[in-house]
Amino acid sequence: MRYFKDTVGLAIRLETGQDVSSATNIVFNIRKPNGKKVTWSGTAYQTTKLQYVTQSGDLDVAGWYSVYPTLAIGGWVGAGTPTNFLIEDPEKPDKKYNL
């Protein structure tokens, strides 16, 4: 599936493999393709996933986004595994993006 710049309402879900239903302070730490760092407030989803639904301005740059989640469960506070996702420019459908 392909995802495009300026998409609003895209659910970004990260599988944790652990029960995160009681997690608090869920933050998606994002590095955009232009190097800008931002944070998005996430939620727990279907017991083992973390989710963030994009809003206007979130996916404003085409290219590879890096994300690592942080969260708290009980007295534990920690970070998840970093991952990447590609956002393409709909006006340049054949463009290749380097990670």
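Read-outs throughout are calculated quantities, based only on the coordinates presented, and are distinct from any laboratory measurement. Please read these numbers as outputs of a predicted model, since none were measured by experiment. Counting neighbours? That spans all protein chains shown, and the Cβs are built from the backbone with ideal geometry, glycine included.
So if I check each of Arg13, Arg31, which one is under 11 Å from the mean Cα position of the chain (by Cα) and within 18 Å of Tyr97 (Cβ to Cβ)? Break it down stepwise before answering.
Details: Arg13 fails: within 18 Å of Tyr97 (Cβ to Cβ).
One residue alone meets the criteria, Arg31.
Take the residues in region 23-35 that are part of a loop (DSSP other than H, G, I, E, B) and in contact (Cβ under 8 Å) with a residue 24 or more places away in the chain; name whichever of them is surrounded by the fewest Cβ atoms within 10 Å (Cβ to Cβ). Reasoning before the result, please.
First, the residues of region 23-35 that are part of a loop (DSSP other than H, G, I, E, B): 23, 32-35.
Imposing the further condition that a residue be in contact (Cβ under 8 Å) with a residue 24 or more places away in the chain reduces the set to 23, 32-34.
Details: Ala23: 20, Lys32: 18, Pro33: 18, Asn34: 9.
My answer is Asn34.
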**Prompt:** How about region 77-96: which of its residues are touching a residue at least 40 places away in the same chain (Cβ under 8 Å) and farther than 16 Å from Val67 by Cβ?
**Reply:** Val77, Glu88, Asp89, Pro90
**Message:** Looking only at region 8-22, how many residues end up being exposed (fewer than 14 other Cβ atoms within 10 Å of the Cβ) and either part of a loop (DSSP other than H, G, I, E, B) or in contact with a helix residue (DSSP H, G or I) (Cβ under 9 Å, 6 or more places away or on another chain) (or both)?
**Reply:** 7
**Message:** Looking at region 36-77 only, could you name the residues that are under 20 Å from Ala23 (Cα atoms), among the aromatic types (Phe, Trp, Tyr) and more than 9 Å from the chain's Cα centre (by Cα)?
**Reply:** Tyr45, Trp76
**Request:** Select from region 44-88 the residues that are part of a strand (DSSP E or B), exposed (fewer than 14 other Cβ atoms within 10 Å of the Cβ) and among the polar types (S, T, N, Q) and list them in ascending order.
**Result:** Thr83, Asn84
**Request:** Filter region 16-38 for residues that are of a type outside the set (Val, Ile, Thr), in contact with a strand residue (DSSP E or B) (Cβ under 8 Å, 6 or more places away or on another chain) and closer than 23 Å to Phe4 by Cβ and give the result.
**Result:** Phe28, Asn29, Arg31, Lys32, Pro33, Asn34, Lys37
